[in-house]
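Colleague: Have a look at the structure that comes next, please.
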Amino acid sequence: MALRNILGQDRALNILRGCVSKDRIAHAYLFAGEDGIGKRLTAVNFAKTLNCQQNTERRTQNTEHRHETNNNLGSGIWALGSDVDCCDECPSCIKINKLLNPETLITPEEEKEPDQKIFMSHPDVVLIQPYKGEIRIKIIRKLEEFLSYKAYEGKWKVVIIDGADSMNKTASNAILKTLEEPPGQSILLLISALPEMLSLTIRSRCQRIYFSPLPLKDMNRVLESQFPGEDSEILDGKASLVGLLSGGRPGWALSRDLITRRDRTFDDFKTLLDRAEENLWEDRDSMEEWFDWVHLWLRDIAVFKATGREDLMINLDRGNEIRSISQKTSLKDILKLSSSFYDIKNYLRFNLNKQLTLYHTYLSLRKTFG
C-alpha cells in the first residue's frame with residue numbers, strides 16, 4: 001500500500017505531494033474528516049514516503065545532478081519529475097506499514113499498562129491512539145522525549161496522533177509547546193473526526209487537510225480490490241449496498257459484518273418502538289454506532305415520506321419495512337426526531353447516563369411513531 005493506492009482523496013494527496021516536492025513541509029498537519037475515510041492510512045503512507053530509503057537515494061542523486069549541471073532544478077526529492085510516493089518495498093516502508101495494524105505491535109508489558117496506547121514499528125515513527133476515549137499528558141510527555149532526539153534511521157521524526165480531539169485539557173496544553181517550537185526534521189500528524197473539539201490554538205498551528213467520503217464508484221473499487229472473487233457475499237450484487245451503507249467510508253465498508261450490524265440495529269430500532277430494551281447498549285461506542293445507524297434509517301423513512309420513491313433509499317433491501325414505518329407519522333416529526341437524536345449523539349462524549357438516555361430515546365420513538 002502506498003499513496004498511489006489511496007482512492008478518492010486526490011485533493012488531500014496533491015497537497016501533501018506538493019509540500020514534499022517543493023520542500024515546504026509543515027511541522028504539523030491536521031487531517032480532518034469522518035471516521036473510516038482513510039486519514040490514518042494516508043498518514044502512515046505519508047510517513048513512509050518521507051522516510052523511504054529509495055527516496056533518500058533519489059535525493060542524493062538529484063543533488064549531485066544539480067551540482068554537475070549547475071542549474072536550479074529545485075531542492076525537492078522529486079525535483080526531476082518523479083511521482084511523490086514511497087516504494088513500499090524497502091525495510092523502512094515495511095516497518096512503518098505495520099502501524100496500519102497497531103494491535104499486532106502490542107507487547108505483554110504494554111498490555112499491563114492501562115493508561116496508554118503508543119505504537120512503534122520504526123525507530124523514527126510513532127502512532128498514538130486514545131485509551132478509554134482519552135489521550136493523557138503522560139503520552140504527550142513521551143512524545144516530547146521522542147522528538148528531542150534526532151532521527152535514527154530515517155530522515156524525519158513523525159508522530160501520528162489518531163483521535164487527537166480526545167486529548168484531555170492538560171495533554172492539549174502540553175502539546176502546544178511542541179507545536180510552537182517544533183524540533184527540526186520532525187512532523188506531527190493530528191487525525192480527527194471532530195476537529196472543532198481541538199482548541200483554536202492547536203488548530204491555528206497546523207495545516208489543515210480535509211478528507212471527504214468516497215464516491216460510490218471508488219467505494220466499489222475498494223471493495224473489489226479487498227475482497228477477491230471467492231468472497232461471493234460481497235461481490236454478488238452487494239458491493240453497491242455495502243458502499244451505500246458505509247456512507248463513502250472505506251473503513252466501515254471493509255467490515256465484513258457491516259450488513260449484519262445494520263440488520264441488528266434495525267431490529268433493535270423496531271423493538272424500541274414497542275418497549276425499552278434494558279441491555280440495548282454495552283458502552284458508549286455501541287451507543288454511538290446505534291445512533292449512526294438510526295440516522296440512516298430515519299433518512300430513508302423521511303425520503304420515502306417526502307417522495308414516495310423506494311429507489312431513493314439507501315436500505316433498498318428493507319424497503320417494505322421502511323415504507324410501513326413511514327406511514328405512522330409525519331415528515332415534520334421524523335425530521336424533528338432526527339435532529340433530537342443528532343443532539344444526543346453529540347452529547348455522548350460527555351458521558352450521558354446510559355439508562356436515562358435509553359429511556360429518553362424510547363419515549364421519543366413512541367411519541368413520533370405511536
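Colleague: Take Arg318 and decide whether it is part of a helix (DSSP H, G or I) and closer than 19 Å to Val242 by Cα.
Modeller: yes
Yes/no per residue for (1) in contact (Cβ under 8 Å) with a residue 60 or more places away in the chain; (2) open to solvent by 50 Å² or more (accessible area, probe 1.4 Å):
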| residue | (1), (2) |
| --- | --- |
| Arg299 | no, yes |
| Phe304 | no, no |
| Ile314 | yes, no |
| Arg323 | no, yes |
| Lys336 | no, yes |
| Lys354 | yes, yes |
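Colleague: Return yes when Arg323 is in contact with a Leu (Cβ under 7 Å, 6 or more places away or on another chain) and either farther than 29 Å from Ala193 by Cα or part of a helix (DSSP H, G or I) (or both) and no when it is not.
Modeller: Here the answer is no, as Arg323 does not meet what is asked.
Colleague: Does the range 159-207 hold any residues that are assigned to a strand (DSSP E or B) and among the small types (Gly, Ala, Ser), and which are they?
Modeller: Ser186, Ser192 - these are the residues of the range 159-207 that are assigned to a strand (DSSP E or B) and among the small types (Gly, Ala, Ser).
Colleague: Tell me which residues, restricted to the range 325-334, are open to solvent by 20 Å² or more (accessible area, probe 1.4 Å) and under 22 Å from Asp267 (Cβ atoms).
Modeller: Gln327, Lys328
Colleague: Among the residues of the range 338-352, write down those that are in a helix (DSSP H, G or I), of a type outside the set (Gly, Ala, Ser), under 17 Å from Asp292 (Cβ atoms) and open to solvent by 30 Å² or more (accessible area, probe 1.4 Å).
Modeller: Those that are in a helix (DSSP H, G or I), of a type outside the set (Gly, Ala, Ser), under 17 Å from Asp292 (Cβ atoms) and open to solvent by 30 Å² or more (accessible area, probe 1.4 Å): Tyr342, Asp343, Lys345, Asn346, Tyr347, Arg349.
Colleague: Kindly indicate whether any position in the range 179-190 is open to solvent by 20 Å² or more (accessible area, probe 1.4 Å) and of a type in the set (S, T, N, Q).
Modeller: For the range 179-190, residues open to solvent by 20 Å² or more (accessible area, probe 1.4 Å) and of a type in the set (S, T, N, Q): present.
Colleague: Within the range 279-293, is there a residue that is farther than 20 Å from Tyr342 by Cα and at pLDDT below 90?
Modeller: Scanning the range 279-293, I find at least one residue that is farther than 20 Å from Tyr342 by Cα and at pLDDT below 90, so the answer is yes.
The values are calculated or read from the model by the stated rules, or taken from the named source; none is laboratory data. Bear in mind that the values here come from a model prediction, so they are computed numbers and not experimental data. Glycine also receives a Cβ, built like all others from the backbone with ideal geometry; neighbour counts cover every protein chain displayed. Surface areas here come from the heavy atoms of the whole protein model, side chains and all, with no ligands, DNA or RNA. Shrake-Rupley method; radii C 1.70, N 1.55, O 1.52, S 1.80 Å.
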